[in-house]
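This report refers to the structure that appears directly beneath it.
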Amino acid sequence: MRRTALRAGAAAVAVAAGDANGGAAAGLGPQTGTPAAAPAARPLRTEFSFELPRGYVDDAGAVHRDGTMRLATARDELIPLRDMRVQENPAYLSVVLLGRVITRLGSLPLVHDGVVENMFASDLAFLQDFYRQINAEGHTRAGVTCPHCEQPFEVELGGSRLGES
């Protein structure tokens, strides 16, 4: 029943957009019912490089600064909520979450929440901001207009705790 409602909604949008056949919105060529050619899409970038301000110091004393973080999935944000450490201390959510999405840090063989837990506070804050930035379409700023002088400017939307929308 839901699929029928969605199809009908897509056809209504197509008609409103000017395709009387409703085919363009459904991915069909105009008036023919044949599949339309998909526009050339750029590949989705899912991993982003970063450099920590201070760096993680491992047990041997080596400093690891360069790394890679991948985009988070819904699962990445849901699974840490089951973690007992997060249930006991909600502030621990960002540590567990970052341990899931950091795919590489220097020459470490594995990055996990224990690594994130032992980072300097400035590096943790950097990674929290970086996480927000890459998971919010590349930025955490919004364009606004001053109600008094009507000049446009940007405001920072960051500030909520990591993992909370």
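Within the range 37-73, the set of residues being open to solvent by 70 Å² or more (accessible area, probe 1.4 Å), of a type in the set (A, V, I, L, M, F, W, C) and over 17 Å from Pro109 (Cα atoms) comprises Ala37, Ala38, Ala40, Ala41, Leu44. Residues that are under 16 Å from Val116 (Cα atoms) and among the β-branched types (Val, Ile, Thr) within the range 58-93 comprise Val63, Thr68, Val86, listed in sequence order. Restricting the range 76-110 to residues that are in contact (Cβ under 8 Å) with a residue 12 or more places away in the chain and assigned to a loop (DSSP other than H, G, I, E, B) leaves a set whose member that is surrounded by the fewest Cβ atoms within 10 Å (Cβ to Cβ) is Ser107. Restricting attention to the range 111-132, the residues that are of a type in the set (Asp, Glu) and either under 20 Å from Thr46 (Cβ atoms) or surrounded by fewer than 15 Cβ atoms within 10 Å (Cβ to Cβ) (or both) add up to 2.
The values are calculated or read from the model by the stated rules, or taken from the named source; none is laboratory data. It should be emphasised that the depicted structure is a prediction, and the values quoted were computed from it without experimental measurement. Virtual Cβ from ideal backbone geometry, glycine too; neighbours counted across all protein chains shown. Side chains are part of the model used for accessible areas, which takes the heavy atoms of the whole protein and leaves out ligands, DNA and RNA. Shrake-Rupley method; radii C 1.70, N 1.55, O 1.52, S 1.80 Å.
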